[in-house]
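Accompanying notes for the structure given below.
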2 protein chains.
Amino acid sequence: MPHYVVGHKIPDSDSICSAIALSYLKTTLGEETVPARLGELSPETLFILDKFGFEQPELKMSYAGESLYVVDHSERTQAPDDIDEATILGIIDHHKLGDLTTSTPLECWIRPVGCTNTIIKMMYDFHNVEIPKNIAGAMMCAILSDTVIFKSPTCTTADIKCVEALAEIAGIDDAEALGMEMFKVKSAVEGTPARDLVLRDFKDFDMNGNLVGIGQLEVIDLAIFDDIKADLEADIAKLKAEGNRHSVLLLLTDIMKEGSEMLVVSDNADLTEKAYGKATVDGKVWLDGVLSRKKQVVPPLQESFS
Amino acid sequence: MPHYVVGHKIPDSDSICSAIALSYLKTTLGEETVPARLGELSPETLFILDKFGFEQPELKMSYAGESLYVVDHSERTQAPDDIDEATILGIIDHHKLGDLTTSTPLECWIRPVGCTNTIIKMMYDFHNVEIPKNIAGAMMCAILSDTVIFKSPTCTTADIKCVEALAEIAGIDDAEALGMEMFKVKSAVEGTPARDLVLRDFKDFDMNGNLVGIGQLEVIDLAIFDDIKADLEADIAKLKAEGNRHSVLLLLTDIMKEGSEMLVVSDNADLTEKAYGKATVDGKVWLDGVLSRKKQVVPPLQESFS
């Protein structure tokens, strides 16, 4: 029975590319391991898989009785629903430490860097395993995505060096140009239903007993949302009610202007005032310089709930 | 303000030596870091510190407002009481993943090996920092202690290789002989009050909402306990009542016979029957081949509570 590598629900490029990269490493080390996914892929991730010639990992929601590696999170709310009936062999992640626990010793590589794939590169180096060209390309794109082409405050020198090394292996001359191409794919929202956009990169967090959902759409120009913002606002209100959530936030991130408009529905009228020192007006607030959910949005919010 | 490195409550040699080794590494890397301890040291640990010329780390119970690295565990019950008011910068550990969480990204080096110091050696290698002779000696002793001189089922080839490398650095010809000397110090129980013995290496676990305390005394010959076993049994019964614990178990481990007599007080009369397939008779049960609390005692018990 093979082991699995699986990222978070509503998989992003880092979750998928790190599952592919880690399963190749583990299999090479003699442990048959396959990548899996907990949901449908975004246009950006499909672009990466297509570019480097990968199939979509197997869609697999249930892991009872299986052994798996968890990548790109360590949170129950983002993990398979039956993870308590599975054996977690390891966690590779770059977020805050979540509430997953195990009953046996395991392998955790968690680092405060911009992307899980930067850590997986360290694992390849540690085990002295050569990274295949196409895997290097996919890993590189995941890092460019997570670090918003190095603009995000989560980006570290380790991420930048890692992209340089992976570009060399993959034979890519201009990594940043490929990053822009990728973000153009990501910016295409036309014709996509509001719910699909809201859930494209959406994570639930347990904040002191309150369920808070935070979505993010990163685009090259916020004007793209002019015609559909009302639909998005209506949809996050629905999503809040459907999931009994305390709040749903949707970040519309302009990667060129380097800031985010946050759409807010919440049981606390002063949620953003308390967390970010800026009041929500008419269900919206502009957060200048905010690009990173994990570094700039989640910690102050978590703090405001404690 | 320096950062701290602290192990678990009722510190053992691994918690203390890894705090010393990690704080030297971090300080060398430019981050002023000092080792600390959450309690009194055992004769074995004092022997190691004396042998390699270290002072006892600072006794420090409160960490509110401080930043710290947690070593040798990831459990709330074993951490400083006010850890929620501190910033956890990282966790270096070789046990199951516990219930500590953070609100910001961190550094976790967790591996299924025999000792935290084996992982810290990997960190020195990763950062290409030379280990001072005396720190290498202390790290080596911690590994010999945690792996019961390589006899424990938790011992991996990584631990054995690490001891070889550290012995070379420390200039120690016969690591195993030093290990036996250390276990002789550990075996000296005469004249020590029962409570001190019970708490010498004692850990509380939250098992599905039940508080379970598990102590362990590793000796060269169980006959050493003949005269004091009744006192130990009376004391763990007291300890159970004082702490509102569901169970208290005390492992009397014979490292030469390679097995443990478990003294049991529990709200479940069939606790050991359910967890280990062997009934407790007159408050005791012999578990052949059982040397490791973390690998052989905790997981089946945790399972039996779920």
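The values are calculated or read from the model by the stated rules, or taken from the named source; none is laboratory data. Not measured: the values here are computed from a predicted model. All Cβ positions, even for glycine, are placed from backbone atoms using ideal geometry, and neighbour counts span all protein chains on display. Heavy atoms of the whole protein, side chains included, go into the accessibility calculation; ligands, DNA and RNA do not. Shrake-Rupley method; radii C 1.70, N 1.55, O 1.52, S 1.80 Å.
Structure above, values below:
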{"read-out": "Cross-link pairs A:LYS96/B:LYS60; B:LYS121/B:LYS203; B:LYS121/B:LYS257 - those with Cα-Cα distance over 27 Å", "value": "B:LYS121/B:LYS257"}
{"read-out": "Lys, Arg +1 and Asp, Glu -1 on Cβ, resulting dipole of the protein assembly as shown about Cα centre, debye, nearest 20", "value": "120"}
{"read-out": "Solvent-accessible area per residue for region B:3-184 (1.4 angstrom probe, square angstrom)", "value": "35"}
{"read-out": "Heavy-atom accessible surface of region A:173-306: percent carbon and sulfur, 1.4 Å", "value": "47"}
{"read-out": "Percentage relative contact order, chain A, counting C-alpha pairs under 8 Å, at least six apart", "value": "13"}
{"read-out": "Residues of type aspartates and glutamates that B:LYS238 reaches as a straight line, Cα spacing below 16 Å, ignoring anything fewer than 8 places off in the same chain", "value": "B:ASP196, B:ASP204, B:ASP267"}
{"read-out": "Highest-first arrangement of A:148-154, B:171-177, where packing means the average Cβ count within 10 Å", "value": "A:148-154, B:171-177"}
{"read-out": "Förster-model FRET efficiency, 30 Å R0, B:ARG195 and B:PHE150, C-beta, rounded to 0.05", "value": "0.45"}
{"read-out": "Dimensionless Rg over Rh [region B:108-263; C-alpha; Kirkwood]", "value": "1.03"}
{"read-out": "Chain A, dipole about Cα centre (Lys/Arg Cβ +1, Asp/Glu Cβ -1), debye to the nearest 20", "value": "400"}
{"read-out": "Residues in region A:121-149 reached by a label modelled at A:LYS161 [backbone nitrogen below 15 Å; 7 Å Cα→Cβ]", "value": "A:121-126"}
{"read-out": "Dimensionless Rg over Rh [region A:3-184; C-alpha; Kirkwood]", "value": "0.94"}
{"read-out": "In degrees, nearest ten, helix B:175-187 long axis to first principal axis of chain B (Cα)", "value": "50"}
{"read-out": "Test item: B:48-56 mean partner chain Cβ contacts at 10 Å", "value": "0"}
{"read-out": "Translational D in µm²/s for region A:157-206 (Stokes-Einstein at 20 °C, 1.002 mPa s, Kirkwood Rh from C-alpha pairs)", "value": "158"}
{"read-out": "For the pair B and A, total buried accessible area rounded to nearest 100 Å², probe 1.4 Å", "value": "2200"}
{"read-out": "Heavy-atom accessible area order for A:THR101, B:THR272, largest first, 1.4 Å probe", "value": "A:THR101, B:THR272"}
{"read-out": "Rounded accessible area per residue of region B:194-305, 1.4 Å, Å²", "value": "41"}
{"read-out": "Amide H contacts under 5 Å for B:GLY259, placed H, 5+ residues apart", "value": "B:ASP254, B:GLY289"}
{"read-out": "Overall Cα dimensions of region A:91-151 - principal axes, largest extent first, Å", "value": "37, 29, 14"}
{"read-out": "For region B:8-105: span of alpha carbons on each principal axis (Å, largest first)", "value": "40, 30, 24"}
{"read-out": "Unit charges at the beta carbon, dipole of chain A: most positive-side option, A:LEU41, A:ILE119, A:PRO299", "value": "A:PRO299"}
{"read-out": "Computed magnitude of the charge dipole of region B:144-185 (debye, nearest 20; Cβ of K, R +1, Cβ of D, E -1)", "value": "180"}
{"read-out": "Inter-chain shielding of A:295-306 (mean C-beta neighbours from other protein chains, 10 Å cut-off)", "value": "2"}
{"read-out": "3J(HN,Hα) from dihedral phi, region A:55-69, Karplus parametrisation 6.51/-1.76/1.60, rounded to Hz, x for glycine, proline", "value": "6, 5, x, 4, 7, 9, 9, 10, 10, 4, x, 9, 10, 8, 9"}
{"read-out": "Geometric extent, Cα atoms of the protein assembly as shown - Rg, Dmax (angstrom)", "value": "25.8, 84"}
{"read-out": "Chain A - mean residue ellipticity at 222 nm from DSSP helices (-39,500 (n - 2.57) per run, n ≥ 4, rounded to 500)", "value": "-11000 deg cm²/dmol"}
{"read-out": "Per-residue mean of C-beta atoms belonging to partner chains within 10 Å, peptide B:90-101", "value": "5"}
{"read-out": "Dimensions (Å) - region B:194-305, Cα atoms, principal axes, largest first", "value": "35, 28, 23"}
{"read-out": "Cα Rg, Dmax (largest Cα-Cα span) when computed across region B:240-304, Å", "value": "11.4, 35"}
{"read-out": "Highest to lowest packing among B:17-30, A:35-48, scored as the average C-beta count within 10 Å", "value": "B:17-30, A:35-48"}
{"read-out": "More than 25 angstrom apart: percent of Cα pairs within chain A", "value": "47"}
